[in-house]
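The values are calculated or read from the model by the stated rules, or taken from the named source; none is laboratory data. Owing to the predicted nature of the structure, the values given are computational and were not obtained by experimental measurement. For neighbour counting, all protein chains shown are included, and Cβ atoms are generated from backbone atoms with ideal geometry for every residue, glycine included. Accessible surface areas use protein heavy atoms only, side chains included; no ligands, DNA or RNA. Shrake-Rupley method; radii C 1.70, N 1.55, O 1.52, S 1.80 Å.
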Amino acid sequence: MIVWVNGAFGSGKSTLVDELRTRLPEALVFDPETVGYVLREIVEVPTGDFQDLPLWRRQVAHLAVGLVEEYQRPVLVPMTLVDPGYVEEIFGALKDVGITTHHFFLKVPEDVLVQRIDGRSFTPDDPERDERVRAWCKSRIESCVAAEDSLPGDTVFLDGELSPQELADDVLVRVGARPGP
């Protein structure tokens, strides 16, 4: 089983996955950004967004499948994925091999997203880069919010302003998982 936590930057994806991980200690956490970071070290990313690389999308799907098949454990995935074609490509690959994928999207008002992004430090030792990353995240808010209407029909929309504990309770019930201690 894969639990994919989607939403705009600043919506709380990683925070929710951290909370889920404490309740499902057997779960593996797979952050597809790491695949993007590796690819960025090897090849040029002309658009600046590694999701635009077909290899990134293939590798994310293959690695997610491999983690589920090899380790037979739930896999938690915190990743913004809103391009309809990319969603279909990755989720289609998971479906093609029969992996149950629960897709959650954290809905958060735009002003709250901006506040959260402004409150984060991505590269504390490099303030200029930190500001570039913040600007990039904020530039994606509109497309993330707009994508809500084009996500797959089985996407579960969650109120991203709830506490991580409340969200985790809801997710665990919806996936039929028994929470850990």
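Observations, loosely collected:
- Selection count, segment 137-178, where residues are touching a residue at least 24 places away in the same chain (Cβ under 8 Å), under 23 Å from residue 19 (Cα atoms), open to solvent by less than 60 Å² (accessible area, probe 1.4 Å) and assigned to a loop (DSSP other than H, G, I, E, B): 3
- The listed residue being of a type in the set (Lys, Arg), farther than 24 Å from residue 3 by Cα, surrounded by 15 or more Cβ atoms within 10 Å (Cβ to Cβ) and touching a Lys or Arg at 6+ places or on another chain (Cβ under 8 Å), out of 120, 134: 134
- Residues of segment 39-87 satisfying the condition of being among the charged types (D, E, K, R) and more than 15 Å from the chain's Cα centre (by Cα): 40, 41, 44, 52, 58, 69, 70, 73
- Pairs linking a residue in segment 90-103 that is crowded, with 17+ Cβ neighbours inside 10 Å to a residue that is among the basic types (Lys, Arg), with Cβ atoms under 8 Å and 6 or more positions apart or on different chains, are 90/57; 93/58; 101/95; 102/174.
- Yes/no for residue 62 being part of a strand (DSSP E or B), at pLDDT 95 or above and either in contact with a Cys (Cβ under 8 Å, 6 or more places away or on another chain) or open to solvent by 20 Å² or more (accessible area, probe 1.4 Å) (or both): no
- Reported count of residues in segment 8-22, each being out of contact with any helix residue (DSSP H, G or I) (no Cβ under 6 Å at 6 or more places or on another chain) and either surrounded by fewer than 20 Cβ atoms within 10 Å (Cβ to Cβ) or assigned to a loop (DSSP other than H, G, I, E, B) (or both), is 6.
- Of all residues in segment 89-109, those that are assigned to a helix (DSSP H, G or I) and either at pLDDT below 95 or among the polar types (S, T, N, Q) (or both) total 0.
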